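Here the structure comes first, spelled out in C-alpha cells, and everything after it is commentary.
Values in this text are rule-based calculations from the coordinates and carry no lab data. Not measured: the values here are computed from a predicted model. Here the Cβ is made from the backbone with ideal geometry for all residues, glycine too, and neighbour counts use every protein chain on show.
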Amino acid sequence: MAQFFFNTFRHIDWLLFSASILLVASGLVTMNVFNEPNIFFQKQLLWLIIGIIAFFIASISRVSFLKHTTIIVAFFITSVFLFILLFFIEPIQGARSWLSFGPILFQPVDPSKIVLIILLSKYFSRRHIEIANIRHILVSGAYALVFFLLILIQPDFGSAIIIFLIWLGMVLVSGISKKHLALIFIAGIIAFSGLWQFGFEPYQKERVLSFLHPLADIEGAGYNARQSKIAVGSGEIFGKGIGYGTQSRLKFLPEYQTDFIFAAFAEEWGFAGTVSLFVLFSIVIWRILAAAMSGASNFEMFFGIGVAIYLMSHFTIHIGINIGLLPVTGTPLPFLSYGGSHLITEFTALGILMGMRRYSRPAHRNVAEQEIIGV
C-alpha cells in the first residue's frame, strides 16, 4: 500500500505540501478556543480535509488539458456567477460575495482568481514573442477588468485589488516594455481617481482616510486597525502564549479568525512565531517558483508564477492591513484565515501545479512553436 502511494504521488513536492499544512495548523491553533466548542475550528478542519483531497485529485489529473482546452468557457461561467451575486443575492455583512447552498456559503471570487491565472497563462504563453505589442496588454487587461469590476461592485475591494495585482504581475513577467509600464501606472492613477469619485462606497473612503489619519477616529473607522496594531505589538518577542491573546479572546480584535488572524497569531506567538510564519510562507513561494521554472513549457511557467503572485498579494496585503500600513479591505491570509472557499482554492491551485510536475521537462522547440499559435 505504501509503495502504491509512493509511486502514485512521487511527483508531489512534499516540502511544499508540508509547509502548507503547517500554515493551516498555525491558523487552526490561533482560531481555536480551548475551553469551549468552536464552530470556526471545526469547520476549518472539514475544509482542510476537502482541500487536501482536492490537492491530491488535481495532482494526478491530466492537467495538461488546461492549455489545450477553451478556458474562455470557464471564464464565462465564472463571470455569470459573479453577475448573479450582484442582482439575485441578498448582501451579507454589506457585501454580495456569497452563494448559499443550504448551510454552506461559497465565494465565487476565490476560484475566479485561478481561472484568471489559467486564462492569462494560456494567452501569454502563446504570444510571448510579440508581447511587446500593447494590443496584447489591452486584451489581457480586458479579461481582468471584467472580474475586477464585477468583484468591486459587490463590493469586495480587497479581492478586486488581488485581481489587478495578478494581472499586473503576470504582464510584467511576460516581457512588457518600460514605456507600456509607465502608461499602465498613469492609467491606474486615472482609474483610482475615477473610483474615488464614483465607485467607492462611503465606508471604503472612511477606511482609506482612517489609514491616513489612524488616530482621528479610533472608536469608529480606525478602531479595527488600532486594535490590530495593539495585538501585534503586545506579542513582543515570544508572545503571550497559545490561548492567552487578550485582544482576540476578549473580542477587542474583530474578525480575528479571518481578516485579522495575523494580528491574533502575532499576539500569541510573538516575533519569534511571526518569523517562523514568514519562513514557512517563503518555503511555499520558493517551491512554487521552482516548480514553475521546471515546467514543460511557458504555460506551466506562467501558471506557477501566477499562483505565486496570487498568494504573495494576499499575504502582503493582509499583513500590511494588520500592522497598519494598508487600509482595512478584508483580505484573508493564505492557509491561515478561516474560510472554505479560499482554502480549497489554494490547495487546488497547488495540486494543479503538482500535476504539471508529472511532465515537467525543458521545453522542446516544437512545444514553443506550438504555443505561438493562437488560443
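When each of the peptides 259-266, 335-342 is scored by the mean number of other C-beta atoms lying within 10 Å of its residues, the order from highest to lowest reads 259-266, 335-342.
Peptides 184-190, 240-246 ranked from most to least packed give 240-246, 184-190, packing being the mean of other C-beta atoms within 10 angstrom over each peptide's residues. The order of the peptides 144-152, 158-166 by mean Cβ neighbours within 10 Å, most packed first, is 158-166, 144-152. Take the residue pairs K43/K122; K113/K205; K122/K179; K43/K113 and return only those whose Cα atoms are more than 27 Å apart. Too far apart for the 27 Å limit: K43/K122.
Counted by Cβ distance under 13 Å from S59, the other residues give a net charge of +3, where Lys and Arg count +1 and Asp and Glu count -1.
Separation of the stretch 303-339 and the stretch 245-275, taken as the distance between their Cα centroids, equals 16 angstrom. As a rough footprinting exposure proxy, the listed residues F83, F157 were ranked by other beta carbons within 10 Å of their own, and the order from fewest upward is F83, F157.
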